[in-house]
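The next block holds one structure in the form of structure tokens; read it before the comments.
The values are calculated or read from the model by the stated rules, or taken from the named source; none is laboratory data. The shown structure was predicted, so the numbers you read here are calculated from the model rather than taken from an experiment. Because the Cβ atoms are built from the backbone with ideal geometry, glycine has one as well, and the counts that use them run over all protein chains shown. These accessible areas exclude ligands, DNA and RNA; they are computed on the full protein's heavy atoms, side chains included. Shrake-Rupley method; radii C 1.70, N 1.55, O 1.52, S 1.80 Å.
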Amino acid sequence: THVRRVAVADLFLDTFLYGAHSTATDALRGGLPVLTMVGDSFASRVGMSLLNSLGELGIILTCHAVEEFIDTAVLMAESEIGQKSNHGILRFLRLQLQRQTRRNDLFNTESYTEDLERLSLALWEARNQNNGLQNMHIVVSP
């Protein structure tokens, strides 16, 4: 599948203003580090949101200015030059990302499906009890 193609890349550079959405998710799922820059709009904050699910690793890969984005990308690329072992920054990030995605809720389809089923059931029950869903706020706990 196309997710396996990310194995040949070293770093996914997210686009400015309108960042990657499902493409960044696919890259992360394939173990490819995604470097993103946070913007003001929803479309420019998706990458940050995806990376936030990775904890500290996401902080490393999230930039807040163009200069920081460029400097970080260059630093990461230069760390790989001439490396014959797993000492480069990108190799380290890739290994950490592969470990994180195995246990990350973002990629836990079974848990997501169970949560969605509980939400659907809660909405159905609320609709039946209240003759509709006007002005309702429903929280589904794990």
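Details
- Solvent exposure of segment 49-116 amounts to 66 Å² per residue of accessible area, where only protein heavy atoms count and the probe is 1.4 Å.
- With θ taken as phi - 60° and the Karplus curve 6.51 cos²θ - 1.76 cosθ + 1.60 applied, the whole-hertz 3J(HN,Hα) list for segment 106-117 is 4, 10, 8, 4, 5, 5, 4, 5, 5, 4, 5, 5 Hz, x standing for glycine and proline.
- Net lengthening on full extension, residue 65/residue 29 (0.36 nm per residue, minus Cα-Cα): 10.4 nm
- Residue 120-residue 41 FRET efficiency (beta carbon distance; Förster radius 30 Å; 0.05 resolution): 0.50
- Computed from the C-beta positions of residue 21 and residue 129, the FRET efficiency with R₀ = 25 Å rounds to 0.10.
- Summarising the label geometry, the points placed 7 Å from Cα in the beta-carbon direction at residue 56 and residue 73 lie 2.7 nm from one another.
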